[in-house]
1. Could you please let me know if Ala66 is touching a residue at least 40 places away in the same chain (Cβ under 8 Å), closer than 20 Å to Gly627 by Cβ and under 27 Å from the mean Cα position of the chain (by Cα)?
2. Has region 371-387 got any residue that is loosely packed, with under 15 Cβ neighbours inside 10 Å and either more than 29 Å from Pro510 (Cβ to Cβ) or free of Cβ contacts under 8 Å to residues at least 60 places away in the same chain (or both)?
3. Those residues that are in a helix (DSSP H, G or I) and closer than 19 Å to Pro496 by Cα, I need them from region 520-532; list them, please.
4. Select, from Ala147, Ala114, Ala103, the only residue that is under 25 Å from Leu329 (Cα atoms) and among the small types (Gly, Ala, Ser).
5. Could you check, for region 116-134, whether at least one of its residues is within 27 Å of Ala66 (Cα to Cα), buried (at least 18 other Cβ atoms within 10 Å of the Cβ) and in contact with a Leu (Cβ under 7 Å, 6 or more places away or on another chain)?
6. Could you pull out every one of the helices (runs of 4 or more DSSP H) wholly within region 397-488 that has 1 or more residues that are charged (D, E, K, R) and closer than 18 Å to Leu363 by Cβ?
7. Quick check: anything in region 20-27 more than 30 Å from Tyr499 (Cβ to Cβ), touching a helix residue (DSSP H, G or I) at 6+ places or on another chain (Cβ under 8 Å) and part of a loop (DSSP other than H, G, I, E, B)?
8. Scanning region 202-234 for residues that are free of Cβ contacts under 8 Å to residues at least 60 places away in the same chain and within 32 Å of the chain's Cα centre (by Cα), which turns out surrounded by the fewest Cβ atoms within 10 Å (Cβ to Cβ)?
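The values are calculated or read from the model by the stated rules, or taken from the named source; none is laboratory data. From a predicted model like this one, the values you see are computed outputs, not experimental measurements. Cβ placement follows ideal geometry from the backbone for every residue including glycine, while neighbour counts extend to all protein chains displayed.
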Amino acid sequence: MDPTVLLERLLVSGEFDGTELLMQEAAFLESVDAERLREFESRLERARSAAVEEIRGKLADLKVRAAARGLVLDEADIVQAVRRQRFAGSRLLEQEERRVEDAEAAVVQELRAALAESDPGDLDEVTHAEWRANVEHAIDLGAIEAARAAIEMGASLDRPLLVGVPSPPVWPYRTEPLRFVVDWMFGKGVIPPGFERYRPRTDDSEAWRLLEALKKGPSLGTEAVLSGIAGVIETAIISVDVREDGVLGRLENLCAPGFHALSPCAWPSGIPVWLPAGDTSPPTDDIERGLIIEFAVGPRGGTARHVVRLDLHDVLAVLRDREHRRERLLAQLGRQLPLERAFTDLRADAAARWERSDLPTPLASDELPTLLVGAPGMGKSTLLLELAAAEGEGAVVTSATAGGDLPEADLVLVDDADGLGADELRTFVRDVHWARTTRTPPPRILVAVRPEKVPAFGQVAKQMFDVVDLPPRSSAALREQARTMLGWVGVEAASPGSYDRLAFLAGGNPTVLFYLCRALTRVLASEDRRRFGPHHVESAWEDPELRASVRALLWSPLQGFDGASDTLEAIVDFCDPGDTLALDDLTWAIEETVGPRDPDWIAERLTLLRRYGFVREMDGSYGLRLGGPVMLARSWLADDNQVG
């Protein structure tokens, strides 16, 4: 066999030591010239570094999980093994993963046993069941510490949400006729002992309006019932079509932070809902996107896949919980959504907002206009919405491309500045300066931009703007976000550590996490299940659509900035995995890659890569960040080099 063919096979299979030994064989050395030998040596180092980086990536979140269970990983042995042979390192890693998963499973089993034996104390049976359901829900969504704390505190009437998604309601009257339950709400009939705890407060006008509509019965298919339901869920009715067989309506907003599928941006014409007049099925005509919500009573056999059904008993079960009933009913809807519809296109609206505590307050300076700098997908647009909501009437969100004077407001939040050309940017900067110098008091102005746009602002208006970086989200924040987004649509992890893996792969970028959750639900939908394990996460990470989306989000924009990918390639080629390069060494590496460059050129590209989340800086040295996007960047560089 041709030695070069054998070497190719060894390299592809991850036999790194075997490849190195073959390259020292006389037969191989005689078959290649010096240039070809250097090429093989470079490919070997790239492949070995990529394998080590991938293993280190998996170890990063596994170490956190292991530490939480009091375990220590043999990290050095695993890394050394993968440097020799990819399969040997992967096998050692799998052994450690099983050890950590067994420890996590033991903790979950211990909590479930403690919950089963919990003392109800002074609580009645139904209240204790509700408390247990709340804690059980937290365990199912991987909120182990929150569940442990609740169990240690003991059963209580105080049942705060242990996770961002409410648990299913406990309702002991589900088999009772709806008319009986409604009569009990009004104090009529033979009322079961303890039922009064489910009655809404007398000043809860929305709840009593729904009950009055239901009291008129027997049909649910009336405009009054639809109006009552909309009031309880705190949404507006866009349209109503009263038919002989029921009422077809459209509701404006059925979303919550992390629950994207039923947001106003995803359903600009409203979400279709159906209230039957009798035992009639929801209509299928003129239902856009093939989804409709049915409000009815009792289980219906053979409900079509496009129908999401909310039992009126569930509505009555949470009616007294004025503060949380909207979220509790939305969670009931989300748990029934077909998984292929669970994650629609991510857009800037209420469903995507996430409060942050790692930013300076206030973001917008009184002294200078401010540039809010963040990589694509970091949530700049949604943060502007959040700031506007917090400020109230004194804030306005506008587009930099709108033209004309900036809006009159105390706080002006500007989006879309990335789309400004050179002339448009100069005009926009003049508008900002004019607003700041002619209005009393001067408005605070916050402009959201991508990192690659910052140099253009510096050229047009040097030192006119403060600059605030939007840093990557922490692993803890993304872990909670993953738990919440998946929990809204009824997806739970078989192992709590799977949420850590999702957070790591997102690499600090919330939109990458959204893409990953979308890919995960596609994997689960193909198996018709809502419980996932580590292998489902890895399958989602290999999803071609996911990788294409992440590339379009984080890699394609960089290609328009001269030297950005070359600088990243220099770090990949010359920096050992997990290590850093001093600036002098990195300057030499860049010179070897693209030729001599001045310090300002290098600093500008390192700042860009840091803001994009690919590079980390430590005491003047630079290395690769850990995370999924950096792992993909290696393959993108290789692909681009092959094309080149």
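1. The answer is no for Ala66.
2. There is no residue in region 371-387 that is loosely packed, with under 15 Cβ neighbours inside 10 Å and either more than 29 Å from Pro510 (Cβ to Cβ) or free of Cβ contacts under 8 Å to residues at least 60 places away in the same chain (or both).
3. Passing the criteria: Leu520, Thr521, Val523, Leu524.
4. From the options Ala147, Ala114, Ala103, the qualifying one is Ala147.
5. yes
6. Because the criterion is at least 1 residues that are charged (D, E, K, R) and closer than 18 Å to Leu363 by Cβ, the helices (runs of 4 or more DSSP H) in region 397-488 that meet it are 422-438.
7. yes
8. Gly231
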